[in-house]
Amino acid sequence: MTATGKLASGLRAVASTLTNAFLKTTHNSFALLGLAVACLVITLSARPDLRLQGEAHLRGWLEARQSAPGDAEDTLEFDEPSERALAADPQGLPQEQARVAYWLSKKYRVAPEPLSLLVGEAYEIGSKTKLDPTLILAVMAIESRFNPFAQSAVGAQGLMQVMTRVHTDKYENVGGHLAAFDPVTNLRVGVQVLQECIRRAGSLEGGLRYYVGAANLETDGGYAAKVLAEHFRLRQVASGRGVRAAPPAPTLATKAADAAAPAAAPAAPVAAATEKVALLSEL
């Protein structure tokens, strides 16, 4: 036999040996797999609890596979509500408060639900501070027309148009200066400032002049008169008397100190606004 024939014969022998070994290994593996499956079936038949537990794990795995990370980005779901509700059902208010909420809603063209929350908060704070809640609401109406994001040219912010940079200490424990745009927080801080102004002036009208920053000016531009007139109307509404809810002017109310400046002297509003900041910083 030639060398080539011997090499070919040797290769055929090696291939045959490897094939036989592979077939035997595969045969044994399938035999072991079959034995394992049989043992598993017998075990699950004898232990239903293990079968149920396995089914639960399999179901969980399949559900996890269905909610892949890429799919989660396409769908935004909210499982929990916001920490604070920004509205309330007016029908859940006492009759007096509901009348006020509906009247303000009609006059200032604001939805009654968020107004109901503010009305209820004003009545609650008013009972604690001994301030008439309709006065608090009147200040809010004249200052911002119930726009919680209002900001004046001199930096007064929120529903009660509080000078945030002057009263930073009042916001420290309630979330910092950004809380000025939270309606309820701004209302509470504004009532604190209003209380201090009335206490310092010794009268309601004088306190309103302090609040608007016109305590040392000849006139407050009619600010106190506007607030007191709205206060009177709200008291009438609260008592059940009919008061026409005429919509106010379309522009937001600004600080009376600015309005009091003569048109011929453009520098006067800046001076008045600066004086307002100085006055409030002394409170």
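The values are calculated or read from the model by the stated rules, or taken from the named source; none is laboratory data. Remember, predicted model here, so these are calculated numbers, not experimental data. So basically every Cβ, Gly included, is an ideal-geometry build from the backbone, and we count neighbours across all protein chains shown.
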task: Give the stretch 125-144 a look and list any residue that's surrounded by fewer than 21 Cβ atoms within 10 Å (Cβ to Cβ) and either under 17 Å from GLY213 (Cβ atoms) or not aliphatic (A, V, I, L, M) (or both), or say none.
output: GLY126, SER127, LYS128, THR129, LYS130, ASP132
query: Among the residues of the stretch 127-164, which ones are assigned to a helix (DSSP H, G or I) and within 21 Å of the chain's Cα centre (by Cα)?
result: MET140, SER144
field: LEU44 vs. criteria of a type in the set (A, V, I, L, M) and modelled with pLDDT under 75
entry: yes
- prompt: Quick one: which of LEU208, LEU228, LEU234 is more than 19 Å from LEU187 (Cβ to Cβ) and modelled with pLDDT of 95 or more?
  reply: LEU228
message: Restricting to the stretch 138-195, name every residue that is of a type in the set (Phe, Trp, Tyr) and touching a residue at least 40 places away in the same chain (Cβ under 8 Å).
response: PHE146
message: Tell me whether the stretch 95-108 contains one or more residues that are assigned by TED's automatic domain parsing to the domain that holds GLY213, modelled with pLDDT of 90 or more, part of a loop (DSSP other than H, G, I, E, B) and among the basic types (Lys, Arg).
response: no
- prompt: What is the number of the single condition among (1) closer than 16 Å to ALA138 by Cα; (2) without any contact (Cβ under 8 Å) to a residue 60 or more places away in the chain that VAL237 does not meet?
  reply: (2)
query: Would you pick out the residues in the stretch 101-116 that are crowded, with 19+ Cβ neighbours inside 10 Å, over 20 Å from the mean Cα position of the chain (by Cα) and under 16 Å from PRO183 (Cβ atoms)?
result: ALA101, LEU104, SER105
query: Can we say ALA253 is under 31 Å from the mean Cα position of the chain (by Cα), modelled with pLDDT under 80 and in the same structural domain as GLY126 (by TED's automatic domain parsing)?
result: yes
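Listed here are the residues, each with its yes/no results for (1) in a helix (DSSP H, G or I); (2) surrounded by fewer than 22 Cβ atoms within 10 Å (Cβ to Cβ).
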residue: VAL166; (1), (2): no, yes
residue: TYR171; (1), (2): yes, yes
residue: VAL184; (1), (2): yes, yes
residue: GLY190; (1), (2): yes, no
residue: CYS197; (1), (2): yes, no
residue: LEU208; (1), (2): yes, no
residue: GLU230; (1), (2): yes, yes
residue: LEU234; (1), (2): yes, no
- line: Restricting attention to the stretch 1-58, the residues that are surrounded by 10 or more Cβ atoms within 10 Å (Cβ to Cβ) and of a type in the set (Asp, Glu) number exactly 1
